[in-house]
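Participant: The structure's right below; bear with me while I get my questions together.
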Amino acid sequence: MASARQHTYRTEVVWTGNQGTGTSTYRAYGRDHEVSVAGLPTLLGSADRSFRGDAGRWNPELMLLAALSQCHLLSYLHVCAVNGVVVTAYTDHAGGTMEETGDGGGHFTEVVLRPAVEVASAAMADTARSLHGEANRLCFIASSVNFPVRHEPTVTVAGAEAEAEAEAVAP
């Protein structure tokens, strides 16, 4: 019996890129595949365009970056909620760097998350900034990778622009 704190995940990946001759040569096959989980929409995957993939499909590198960004979002919302910080909007423009190695492999060297967070009041802004470290520590995905996941957050206050404009036009 599995521990109450152990979670198991299952996906199915099916290669759909056989163009008739399988992997008879490096250029003879497509990198297309489908990633599925029961009850969820299928993700259309491929390799990165640099590796003969279809740029119109998700690739593993993008999915890793998205997983890190999603995990940070969810961990961050949690620590904000338990610390009295009301987040009203959140957008992340994440970026990652991967290096190829001479043996044909490669690895990520870094991911930078750039969350733009909006909070309900100015009194919450400093705490909102500081909670990114705690969110990173709690993020399951960031804790599972062997490269740095850095954060360059910005925090704004909901309605601050409207308030500033109102004050500027007030007699």
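Just so it is clear, none of the values below were taken in a lab; they were calculated from the coordinates. These numbers were taken from a predicted model, which means no experiment stands behind them. Here Cβ is always computed from backbone atoms with ideal geometry, including for glycine, and neighbour counts include all displayed protein chains.
Participant: Taking the number of other C-beta atoms within 10 Å as the exposure measure, put Tyr76, Tyr29, Tyr9 in order starting with the fewest.
Facilitator: On the way: Tyr76 27, Tyr29 17, Tyr9 5.
Ascending Cβ contact count within 10 Å gives the list Tyr9, Tyr29, Tyr76.
Participant: Amide H neighbours of Val85 under 5 Å, at least 5 residues apart or on other chains, H built in the peptide plane: list them.
Facilitator: Result for Val85 returns nothing.
Participant: I would also like to ask the following. Can you pull the one-decimal nm distance between simple spin-label points at Asp103 and Thr127, each 7 Å off the Cα toward Cβ?
Facilitator: 4.9
Participant: Label-point separation (nm) for Thr23 and Val86, each offset 7 Å from Cα along Cα-to-Cβ?
Facilitator: 5.5
Participant: Okay, moving on. Quick one: which residues, 5 or more positions from His33 or on another chain, have an amide H under 5 Å from its amide H? H modelled 1.01 Å from N in the peptide plane, none for Pro or chain starts.
Facilitator: Close amide H contacts, sequence-distant or interchain: Thr16, Gly45, Ser46.
Participant: For the chain, what is the percent of antiparallel DSSP beta bridges, rounded to the nearest 5?
Facilitator: On the way: 19 of 27 bridges.
Of all bridge pairs located within the chain, approximately 70 percent are antiparallel.
Participant: Can you work out the Karplus-derived ³J(HN,Hα) for every residue in the stretch 151-159? Use 6.51 cos²θ - 1.76 cosθ + 1.60 with θ = phi - 60°, whole Hz, and x for glycine or proline.
Facilitator: Residue by residue, the stretch 151-159 yields 10, 10, x, 10, 10, 10, 10, 4, x Hz.
Participant: 5 Å is the cut-off here: which amide hydrogens, built 1.01 Å from N in the peptide plane, fall below it relative to Ala116, excluding neighbours closer than 5 in sequence?
Facilitator: Distant-sequence amide H within range of Ala116: Thr91, Asp92, His93, Thr154.
Participant: Could you give each residue of the stretch 84-100 its phi-based ³J(HN,Hα) in whole Hz, using Karplus coefficients 6.51, -1.76, 1.60 with θ = phi - 60°, and x for Gly or Pro?
Facilitator: Here the 3J(HN,Hα) series is x, 9, 9, 8, 10, 7, 7, 9, 10, 10, 7, x, x, 10, 10, 10, 7 Hz.
Participant: If you don't mind, another one. Between Glu34, Glu110, Glu61, where does the largest GNM mean-square fluctuation fall for the chain, given springs only between Cα atoms within less than 10 Å?
Facilitator: Among Glu34, Glu110, Glu61, the largest mean-square fluctuation in the Gaussian network model of the chain belongs to Glu34.
Participant: Quick one: which of 12-18, 44-50, 54-60 comes out on top by average Cβ neighbours within 10 Å, and what's the full order, highest first? It would help to have the intermediate numbers written out before the result.
Facilitator: On the way: 12-18: 12.6, 44-50: 16.7, 54-60: 15.0.
Those peptides, ordered most packed to least, come out 44-50, 54-60, 12-18.
Participant: Now a separate question. Which ordering of His7, His72, His78 is given by a fewest-first count of other beta-carbon atoms within 10 Å? All intermediate terms of the calculation are to be shown ahead of the outcome.
Facilitator: Values: His7 8, His72 26, His78 15.
The fewest-first ordering by Cβ neighbours comes to His7, His78, His72.
Participant: Defining a contact as two alpha carbons under 8 Å apart and six or more residues distant in sequence, what relative contact order in percent does the chain show?
Facilitator: Numbers: 257 pairs, mean separation 26.5, N = 171.
Rounded, it is 15 percent for the chain.
Participant: To the nearest 0.05, how large is the calculated FRET efficiency for Ser36 and His7 if R₀ is 30 Å and r is the Cβ-Cβ distance? List each step's numbers first, then the result.
Facilitator: Working: r = 19 Å, r/R0 = 0.64.
Working from the Cβ atoms, E equals 0.95.
Participant: Okay, next question. Tell me, for the chain, which Cys residues have no other cysteine's C-beta sitting closer than 4.7 Å.
Facilitator: Here Cys80 come out as lacking a disulfide-compatible partner, given the Cβ-Cβ threshold of under 4.7 Å.
Participant: Now for a separate question. Candidates (1) 1.31; (2) 1.08; (3) 1.36; which is the computed Cα Rg over 2.2 N^0.38 Å?
Facilitator: Entry (3).
Participant: Further question on the same structure: Short version: ³J(HN,Hα) in whole Hz for each residue of the stretch 4-20, in order, from phi by Karplus 6.51 cos²θ - 1.76 cosθ + 1.60 (θ = phi - 60°), x for Gly and Pro, what are they?
Facilitator: 5, 9, 9, 10, 10, 10, 9, 10, 10, 10, 10, 6, 10, x, 5, 9, x
Participant: Mean separation of Cα pairs under 8 Å and 6+ residues apart, divided by the residue count of the stretch 71-117: what relative contact order is that in percent? Write out the running numbers ahead of the final one.
Facilitator: Working: 49 pairs, mean separation 16.4, N = 47.
Relative contact order comes out at 35 percent.
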